[in-house]
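The values are calculated or read from the model by the stated rules, or taken from the named source; none is laboratory data. Quantities reported herein were computed from a predicted structural model and do not represent experimental measurements. Every residue, glycine as well, gets a Cβ built from its backbone with ideal geometry; the counts of neighbours run over all protein chains shown.
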Amino acid sequence: MIDWSIGDLPGINSTEQTLLQEVGITTTGQLLAIAPDAATKQQLAIKLCFKIQYVNKLVALADLARLAGVGCQYNGLLLHTGIISVKQLAQMPAHKIHQQLLKLHVATLQRRDLCPDLAQVQGWIKQAKGLVDN
């Protein structure tokens, strides 16, 4: 499992990072350990004065970042396509995810060449299945 600095998650600002650090969360692994279920996510949201949706987003990004091929480079991209967990990714067909990623790249960047290729997506799914099976 890869453990990233909490500040490496896409979209997190320095104030949010500081608040997380004040409650002992400096890495994605710590976030996942502290907020493994809905009840603890809710408690964390209250403690930090964050909306529960934001805590859910951070946990989803941290979960996806555990995959070596995804990390903090592609976790936000996967989240934008509707993939919210390693478990969900493990169950998805690669071609479907690749199509969604391609649509997103074309719609937002007008570029197909920056989209991860199908082999890369297949690798993510293989890694996800390995984590889910353990």
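When we screen LEU58, LEU48, LEU20 for residues that are closer than 30 Å to ASP117 by Cα and modelled with pLDDT of 95 or more, the only hit is LEU58.
Right, ILE84: in the same structural domain as LEU9 (by TED's automatic domain parsing) and surrounded by fewer than 19 Cβ atoms within 10 Å (Cβ to Cβ) or not?
On the way: in the same structural domain as LEU9 (by TED's automatic domain parsing): no; surrounded by fewer than 19 Cβ atoms within 10 Å (Cβ to Cβ): yes.
For ILE84, the condition - in the same structural domain as LEU9 (by TED's automatic domain parsing) and surrounded by fewer than 19 Cβ atoms within 10 Å (Cβ to Cβ) - is not met.
Can you tell me which residue among ILE34, ILE25 is modelled with pLDDT of 95 or more, buried (at least 18 other Cβ atoms within 10 Å of the Cβ), under 21 Å from SER5 (Cβ atoms) and within 19 Å of the chain's Cα centre (by Cα)? Only one candidate qualifies: ILE25. Any residue that is surrounded by 15 or more Cβ atoms within 10 Å (Cβ to Cβ) and within 21 Å of TRP124 (Cα to Cα) - is there at least one of those in segment 40-54? No: segment 40-54 contains no residue that is surrounded by 15 or more Cβ atoms within 10 Å (Cβ to Cβ) and within 21 Å of TRP124 (Cα to Cα).
Quick grid of which residues meet (1) in the same structural domain as ILE2 (by TED's automatic domain parsing); (2) polar (S, T, N, Q); (3) free of Cβ contacts under 8 Å to residues at least 40 places away in the same chain:
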| residue | (1), (2), (3) |
| --- | --- |
| ASP37 | yes, no, yes |
| GLN43 | yes, yes, yes |
| VAL55 | yes, no, yes |
| ALA62 | yes, no, no |
| LEU89 | no, no, yes |
| LEU102 | no, no, yes |
| PRO116 | no, no, no |
| VAL132 | no, no, no |
